[in-house]
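To start, the structure itself, in structure tokens.
The values are calculated or read from the model by the stated rules, or taken from the named source; none is laboratory data. Keep in mind that what you see is a predicted model, and the values were worked out from it rather than measured. In this analysis, Cβ positions are derived from the backbone assuming ideal geometry, glycine residues included, and neighbour counts consider all displayed protein chains. Please note that ligands, DNA and RNA were not included when accessible areas were found on the heavy atoms of the full protein model with its side chains. Shrake-Rupley method; radii C 1.70, N 1.55, O 1.52, S 1.80 Å.
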Amino acid sequence: YPITSSSGSIYTFFLHSPIVAFCVVSQITSMAAEQWSELESLFIEFEDLALELLNTYASSQVRKFMGDDFLRQIVIRHVLCCVLLDLHLEFVRPEHLPQSSPERFKDVVTAPVLLRKARDVIELCSVEDRYRMSDRPPTPPAKPQSPIQEQVPPASPQPIAAATVAEAITGDSSANDHPASLST
């Protein structure tokens, strides 16, 4: 995939800031502050679901990493990267996708609840034309059947003024009076 730079690959973006990476691969260049806040909330839910699934389905070898905050975050963001790039229409060759051992946490990456949350992110940003959406899993029942299906209450991120994703990537907010946030 042609998105690389001298400062790293798209995978590096996903490990550092999955929201920015998603915006880069989706070619989203600007977003209203309200939508950015919604996107942050969805990504928090996305990460929480990935963690629940990893705790449930990952091998004991992988669970050893989950005790360390930094390693847990890297593993979770690796899973998010795998899910989103696997749904993306332009990432079709195996060499476009991250590799790991165990192989991409197959049970976690293909979990319907996680795919549903990824598609919620995609729909919020109106970039369905760049992703596989036709095989969307059915909407979950009104009452959750397991903790993995429960909706996490949205966090209350600090609102930011409308900013371009380019500002968020570079951290250059000198053109506006607001700080751009890279954290999720």
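So Arg132 clears everything in (1) open to solvent by 70 Å² or more (accessible area, probe 1.4 Å); (2) at pLDDT 90 or above except one condition, right? Which one?
Among (1) open to solvent by 70 Å² or more (accessible area, probe 1.4 Å); (2) at pLDDT 90 or above, Arg132 violates only (2).
Please return the ranges of helices (runs of 4 or more DSSP H) entirely within region 1-81 where 2 or more residues are of a type in the set (Val, Ile, Thr).
10-16, 18-25, 33-57
I need the full set of residues from region 95-127 which are out of contact with any Ser or Thr (no Cβ under 9 Å at 6 or more places or on another chain), open to solvent by 70 Å² or more (accessible area, probe 1.4 Å) and either modelled with pLDDT of 85 or more or not in a loop (DSSP other than H, G, I, E, B) (or both), in order please.
Correct list: Glu95, Glu103, Lys106, Thr110, Pro112, Glu123, Ser126.
What's the number of the condition Ala21 fails, among (1) under 17 Å from Tyr131 (Cα atoms); (2) open to solvent by 20 Å² or more (accessible area, probe 1.4 Å); (3) not basic (Lys, Arg)?
Failed condition: (2).
Results for (1) among the β-branched types (Val, Ile, Thr); (2) open to solvent by less than 70 Å² (accessible area, probe 1.4 Å); (3) within 16 Å of Ile10 (Cα to Cα), shown as yes or no for each residue.
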| position | (1), (2), (3) |
| --- | --- |
| Glu38 | no, no, no |
| Ser41 | no, yes, no |
| Leu51 | no, yes, no |
| Asp69 | no, no, no |
| Arg93 | no, no, yes |
